[in-house]
Every structure is written in C-alpha cells, then in structure tokens.
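Right, one structure below, let's go through it.
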Amino acid sequence: MEFKSITPARYFLVACMLLVLFTANAQVEKSSDELLTEALALTKDGQYEKAIAKCEEALFITPDYPDIHQLLGKLFLIQQNYNGAKVHLAIAHTMMPDNRNVRNDLISLNILTGNYAKAEQLINEALQAQPDDQNLLLKKIDVLKNQQKTNEALAILREQHEKHPKDEKYLYSLTELRFQLAGEAIQNKLPEQATKLLNEILADNPSNRNAYIQLFNLAYANHQLDEAIQYSSAALQQAPDDSLFLIKNASFLAEAGQYEKALAPAYHLMTSYPSAKDSALYADILIRQASAYRKQQNWEATRSTLEKAAPIASTNLNLMKDLATANFELKHYQQTIDYANRGLKISPAHSYLLIKKAAAYEELSQYEKAYQAAYAAAQTTTDNRHYLTYADYLKSKTYKNQIGIIHLHSIYSDDRDPSWISSLQYMRRFKKASWIARANYRDRGTATGYQLESELYYQHNQRYYSYALAGWSSDELVFPKVRAGYSLFRSFNKGWEGELGSRYVYSLGYHTVSALASVGKYWGNNWTNIRVYAIHDDNRWDQAYSLNHRFYLNDKLDYIAIIGALGTSPDDRSRQFGTERVSGFLMKSAGLGYQKNINYRWTINLVASYANQRIPDNKSYNQYDFYLTLLRNF
C-alpha cells in the first residue's frame, strides 16, 4: 500500500476532532459531591436502588468519602442488607467517630441483627458525650430489656420518670416494663414482688385498669380474699360503672359471705347492663345468701331472700327447688306445690321436686295427688325402691277401710284346757277419726261365748288425740259383760308422748275401775313406753306396770317388740276379770313380738309371751300366749 503524505489541513482536522471528543468526555463525568447530592435526593424519594448506584459511582471516584459510606450503609440498612450496611457504617464510624448519625445507624444495625451487647456499648459511648439524650436512653432501655437486664432498665426508667414526670413516653415505657416484670414474677411464683410492681403502676397512674385486674386476680389466686375485695373496691372508685369491676367485686364479697355488700355492685351491674348474664349474678348472690340462712335454719329469711331472686331467675331450677323446700319447712304447703310445679315446668322429671310436692300434698291430706306425685318420682329412676315405698304409703292413706282377723291362743301349765279367742275386725277411716268394730269368739274349754267391741281414735289437733273403747258380751263366763275405757294422748317436743286415761270392767257383779298414765318416747329407731295402772277391784287398790319397747326396722312400719309387765292389766285380753280373781296376787310376764308391713296393704303381727301368775294358797301357774294378727287395707 502506498501512503500519501499528510497535509497541514488534515492535521488541523484531526486535532479538531480530538478536541471535540475530549470536551464531550469532560462534560459527562461528575464529581463525588454531585453524585452524593443526587443520591440523597433519590433516597428522599424512596428510590433506594438508584441511590445506591450513585453512591457506588461516587466511591469509585473518591473511595474514602465518609459521608458516602454513611449514606450507603444507611441505604443497605433500609434494604435489610445488614452485611453491606455493617461494612460501610464501620468505615464511616472509623473516619467520623463522633458523628451522631453514624453512631445511631450502627446502634440500629446492631439492634436489628440482635447484637445487643455491641448496641449497648455504642449507646454507652454516646451517652458519655450526651448523658441526657432522650432517644439514646430509650434505646438503651430497649437494649437492656432485650438482654434480660430488666432491673437496670427499670432503674433508668424510674430515674427518668422522676426527672420528667410529665413525659408520657417514660411513663408508658415504665408501665409496660413493670407489667412485664410483674408477669414474670407471677410465672416464677413470686406474688409479693408482682404485687409491689403493680402497686407502683397504680401509684403513678391510679386509673390503670389492667393493674387493678391483675392485682385482684393475683390476690384471689393466692387465696387472699380480703385483698381481692380491697383491690376490686378501689378499682370501682376509679371506674364505678366498669362491668368487670362490678362482677369481680360482687363475686369476691359473696364468696366472703358478705352478701348484703355484694348485692350493691351486683344490683348496679344488673341495672346498668340489663343482660341475662349480668342479672344472673344478682340472683346467684341472693340464692347464696339464702343458702346461708338455710344452714342457720332461718327459713323465713331463706324464703324472703329467694323470692327476691324469683322474678329475675324464673328459669333457675335450683331456685325453684330451694323455694319449695323453704316453704315446706314453713308449712306453707300450697306455696310449696306452686314452686315445685314451676320447677317441674323446667325439669318435668325432677325427682326431688316431685317428692317435695308429694309431701306437701300429704300434709294437706290430699293423698291421691300426693300418691301421683310420688309415683311419678319413682318413674324417674331405676333405683326407686324408696320412692315406691313412699308412694305405697301415700296410697295407703287413700284406703278408707281395713278388715282383719286376730287370734290369741293360750296354753297353761296346770290342768286347764287351752283357751283361744278369734276376732273378726273392721276399721273405717275418716278425716279426723278411725272407728273399729270387732266381733270376738272365745273358747275356754269349759265355756264359749261372743263379745262385741268398738274402738274410736279421734285427732283433736296436732298435739292431742283421744282413744275410746266399749265392749259388751252376754257370756260372762267367757268375756266381761262390759268393758270401757278412755285415754287422752298428748305429743310433746323431741318425740315425747304422754297419756292419761281410765278403764272399766264389769263381770259377774264385780266392778274393776282403773286409772292409768303412760309416757312414751321416740328415740332414733326406737320407741319405749312405760304404763302404770292403779286398779280398784274388790274394795282394794292394786297396781300394774307394763313396759313396751319397739326397735323399728324401717320407717316405723316393721319392728321387733319386747314386752314386760308386773301385775294384771285391765287391757290384757287373755285375762277374764271376775271369773279369774287374781287381784292382789303378783303376775309377771314377758313377751317378744314382730310386725311386718307389706306394701301398706297387709300387716302381719306375731307375739309370743310368757306369764307367771300367783293364785291363792301360795300357788302359781304359767301361761303361754301366742298372738296372730292379719290386717288388709282397701
């Protein structure tokens, strides 16, 4: 190839072109300061990626520019590139150790990465120069809390709160930390420490609701009922209408047995928040107060208290049950039935209410209704033996009639023939009386005969009843011609009963008149009766005594009887006054008996007795008596 020579004009042209290129390049390249300014603007607009690019371009130009390292570290921190942030902020901190912004960013970085010890070190360094810097102190508190150095954090907060009592951020942080420490103390079973911290909260802020809640709940959990009442009462002074405070205060007072005081907050709750739940608390306290009265056997107070709760808790089954019980104890039997019926509307198969209803009807002598209620109770359970027994008993009260046979067989130790008496008996029951008619037939071996008898039991009132008897026979060799008697009985408290009466027997021209008195006592499953006779016969006075003891096996229906006597009683049907002149001669007797009732329909009674009778000429004989009684109700 052949090169041509370069002319001066061409040199000039090349030089101009190079100058243009150099000038253009100079106009495009920017300084580090300009790039930093642009990066700050981009950062302000939230364009972090572009801002990072500008910072990196600036560092290419000026690698040791501390402000750019700080900004780049901050941008990496924003984008959670903690490693990048750590590198650049460390460079910036080395170059500018007193720069507050760099130090704050480093503190934030260490907090975000969980390096709380390093963050604390940086904060302490900063506080040496700025001991009252509020932001630094708040950060240190957080760092200490995160390192579980809660006592140090608490000390700082207390100090700052004392210096700045009107600064809400210190009060808020101090309160939060105290709550945290109180919670930890509770978990560690340190209730006294927790109580102290919570009280400190109230000292600074007497209206802090959560502090009151934790205090009375903590006291209650530790069985400090008085303290729970105290804290809940103080809470109500701060917030009188707070529903939770009203509930807790009423509940604590009720549990302490302070029912009258408990009713005040419960009533306030009910009237301020008229929901079924809030009304239920007021009714519940009334029911619990009534329960306390019931334990004291104060039935009138029990009834009146429960009746206050009735309009509020009309569907409360236990309330109806307790009202039925209280009215029954007060002998308000119709009210007992009314409340039992209200309870049965809630629970139709409630056995207790059915039995209480039956008992009330029994007291009102409405035995058919009583039987129906008791029988309904028996259908509510398979274990119903007692209910069925009670139902049978009530059914028996509807029976107006009874028929029976009685047989007495006597055997003697001397040459006498055996003797026996058989009786056919009928009884008719009336509202206040029972009348008995009896026809007796006796065979003495040497003679036979008939006797007609009538007995009457009459109930005057709850305390008194009478017994009267009359008998007649035309066969005086077998029966007394006339037998009559009357007794007045009176019941006393604690199971005691007394009797005063008289008996008259006329046979073969002899008049036997007796006065009698007896005392009986029910005790436990036992009944004991002692009877004394003063007998005037054949112009002389004699005495007779009898002892009767029964051991009841169930409900005073079945029993075993032990009988003992001294003397000849005018009520002894195995003796024939007039034909057997034994007055003035000692007779001793003892017997054993057993009675069994079957479904209140049948009654079987068996008695065997032995008697030794003295007779004239210093002689005596033995007599063995066997009684059988069979009765049928209908």
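The values are calculated or read from the model by the stated rules, or taken from the named source; none is laboratory data. Computed from a predicted model, the values in this text were never measured in an experiment. Cβ coordinates were reconstructed from backbone atoms using ideal geometry, including for glycine residues, and neighbour counts include every protein chain displayed. Surface areas here come from the heavy atoms of the whole protein model, side chains and all, with no ligands, DNA or RNA. Shrake-Rupley method; radii C 1.70, N 1.55, O 1.52, S 1.80 Å.
Tabulated values for the structure
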read-out	value
Nearest 10 degrees, 0 to 90: helix 100-112 Cα axis against the chain principal axis	40
Tilt relative to the chain, helix 243-255 - C-alpha long axis, 0 to 90 degrees, to 10	40
Residue pairs, from the table K481/K556; K140/K248; K86/K149; K196/K295; K345/K395, whose Cα atoms sit over 32 Å apart	K481/K556; K140/K248; K196/K295
Relative contact order [Cα under 8 Å, 6+ residues apart], the chain, whole percent	5
1.4 Å probe accessible area per residue over segment 401-633, in Å²	53
Förster-model FRET efficiency, 51 Å R0, R100 and N222, C-beta, rounded to 0.05	0.55
Accessible surface, per residue, of segment 128-276 when the full set of protein chains is kept, probe 1.4 Å, Å²	54
Identified option (computed Rg and Dmax of the Cα atoms in Å; candidates (i) 29.8, 98; (ii) 28.1, 96; (iii) 53.8, 198)	(iii)
FRET efficiency estimate (nearest 0.05) - Cβ-Cβ, N539 to Y441, R0 35 angstrom	0.60
Surface share of carbon and sulfur [accessible, 1.4 angstrom probe, percent] for the chain	55
Using alpha-carbon coordinates, inclination of helix 150-163 to the longest axis of the chain, degrees	80
Where trypsin sites (Lys or Arg not before Pro) fall in DSSP loop in segment 342-437, at most 15 other Cβ within 10 Å	K400, R416, K431, K432
Where a label projected 7 Å from the Cα of F430 along Cα→Cβ would reach, residues of segment 354-373 with amide N under 17 Å	none
Separation between Cα centres of segment 431-477 and segment 227-301, rounded to whole Å	65
Q296 paired with W472, simple spin-label distance in nm, labels 7 Å along Cα-to-beta-carbon	6.3
C-alpha center-to-center spacing [segment 146-216, segment 331-397] in angstrom	62
Computed lengthening from T381 to R490, 0.36 nm per intervening residue step minus Cα-Cα distance	35.2 nm
